[in-house]
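I have placed the structure first, in the form of structure tokens, so that the comments after it can refer back to it.
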Amino acid sequence: MLDLSKYQSIGAALKDALDQFASEVCLIESDREREKERLTYREFKLRAHPLARALQDAGFKANDRAAIIMTNQSKWLISAYAIFYCGGVLVPLDYKLTPEEQWQLLAHSNASVLITEYPIWRQLAASPSRTLATNPKTILVTEAPPNADLSGAKRWEEFRGNSEPAFIPRKRNDIATTVYSSGTGGRPKGCMMTHENYLEQCIGLTSIYPFAPGMRYLSILPTNHAIDFMVGFFGPFICGAAVVHLRTLRPEYVREAFPKYKITYVSLVPLVLKNLQKGLQARFEALPNGKRKVFNGLVAINKAFTKGQPRLGLSRLLLKQVHEAFGGELRAIIVGGAFTEPQILQFFYDLGIPVANGYGLTEAGTAITVNDLKPFRADTVGKPLPGMQVRIVNPDADGVGEVSVRSKTVMSGYLNEPELTAETIVDGWLMTGDLGRFDPTGHLQLFGRKKNMIVTEEGKNIYPEDIEAVFESLPVKEFCIFAANYIWPKRSMVGEQLLLVLHLEQGQTLTDDLRRDISARNSRLLNYKRVHGIVLFNEDFPRTASLKIKRNILAERLAQQDRASTVLPL
């Protein structure tokens, strides 16, 4: 592994890694049964440098922003490295967003370069929202058919320079990426992450879960996700490990990848981990009675011998078939992005498969705490990473208060949002909006959210204000959307839901037609963004002088009502 304390930027570290680990495999790309590509670090460099040269020839320079909207594949990482080599700022966007949302974020980020795939570009080019972002001067499209109309874009594969690019050095406090922590666009929140943020985060994470040449990371989460960008790109690369990309995430091909590529680590969100647990439980329950008793006995023995800490060698021996299904070399499943229920973590640990759960947010550079498995604790989100200062603000009698963080991994601020930045980072401390406390052993326990947002099991941050555009022109006097737990706090990180609060016109009632209108609008939202109930409020919403809703005061008034009788099913 490179000594990251000696580096000033992501680009400089990656540049040296490509030379130091030149003969090691860095990328494997598989599409169903066929392996499409296998690149060494030397070959990766030969792919990236001509792209970097072409970007420079096209006028791309230090501090310019370049957006990537792609599924997980080698071209994503090659493009990102070329951007860093040129001293640019990477803007990784979620390919699952709608074209309207993507164009809004492209406009907000002021990206001068867009790199995307042909199917995504077809939708973007056809969208009326294309006029929102006029800045992308260079648009590169991958894997376009030979005679395709690219609507002004260029082919990624043909966009190549003929000479060696000039490496543009950056400093630790320079911006490396602009990452959007909220998926939609009521108020885009672009987290400006510095090179130091990533360098320090990587030092902390790899001190607990190290990579090395020969290890393989299975990349399932989107690379634009903060977790996968760190442990599915930067972390493995600076250690000489390999990243495996699958061009399909159908369960049968994901299962085959573990034994085929001898996976060492994989990152999942809680929803995927829960589905994996259900599948395994169904297989165990389908065993004949005799075999099931033997299996349960082996699990019990494994639990007894691994109570204090994992013993992978023993677990692989006792539960050989389970571990062989995961390739026989899996060291840990990394889970994050949202809260994971303790019983799920315990299920895998009992099988000898440690789940490294943690807690973090984009604004803090991915991870704040992580379970180091010394010992394994299913009921917490672990201890602060090295270099992290974590404190509880205004704790109550039980020690529960708002979690705040100070470290070199905390973002420099939100793009073009000085007021929001000042609200979020106070005297150098990042106010997370999450409620927690430390137990006597220094492990952090989470108990809910202070801020008006939810985090889905898929790791999606949903800000209610961003959903409200869908309900504009609703025939009511006024409305807004709240996270239910913001109004009626409960000490839980699961089962979070959105509610639509309505103030009807005088004499108006919640008719069937109005319900159908609300349901129709709600159905246009992706599943994880939909509201789950309606709340009727009979007074004018409290507002500021500029007519903004005073959400905290409105929430206090709503909280005086009984939740069970107040929330109407949608």
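Just so it is clear, none of the values below were taken in a lab; they were calculated from the coordinates. These numbers were taken from a predicted model, which means no experiment stands behind them. So basically every Cβ, Gly included, is an ideal-geometry build from the backbone, and we count neighbours across all protein chains shown.
Quick look at the numbers
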| item | result |
| --- | --- |
| Distance from the range 72-101 to the range 1-36 (C-alpha centre basis), Å | 16 Å |
| Footprinting exposure proxy for Glu341, Glu35, Glu505 (fewest neighbouring C-beta atoms within 10 Å first) | Glu505, Glu35, Glu341 |
| Simple Cβ-charge dipole of the range 269-449, Lys/Arg +1 and Asp/Glu -1, about Cα centre, in debye nearest 20 | 1300 debye |
| Centre separation in Å (Cα based) which lies between the range 114-178 and the range 516-570 | 40 Å |
| About the Cα centre, charge dipole magnitude for the range 463-569 (Lys/Arg +1, Asp/Glu -1 at Cβ), debye | 340 debye |
| Neighbour-limited loop hits for GluC sites (Glu not before Pro), the range 222-312 (at most 13 other Cβ within 10 Å; DSSP other than H, G, I, E, B) | none |
| Size of electric dipole in the chain: Cβ of Lys, Arg +1 and of Asp, Glu -1, about Cα centre, debye, nearest 20 | 1320 debye |
| Arg34 paired with Ser5, simple spin-label distance in nm, labels 7 Å along Cα-to-beta-carbon | 4.9 nm |
| Given charges at Cβ of Lys, Arg, Asp, Glu: the chain dipole, positive-most of Leu287, Ser112, Ser519 | Leu287 |
| Three-way shape call for the chain based on the alpha-carbon gyration tensor, with the a/c threshold at 1.5 | oblate |
| Rounded to 5, percent antiparallel among DSSP beta bridges of the chain | 55 percent |
| Where only alpha carbons of the range 117-262 are counted, the Rg and the Dmax (Å) | 18.6, 50 |
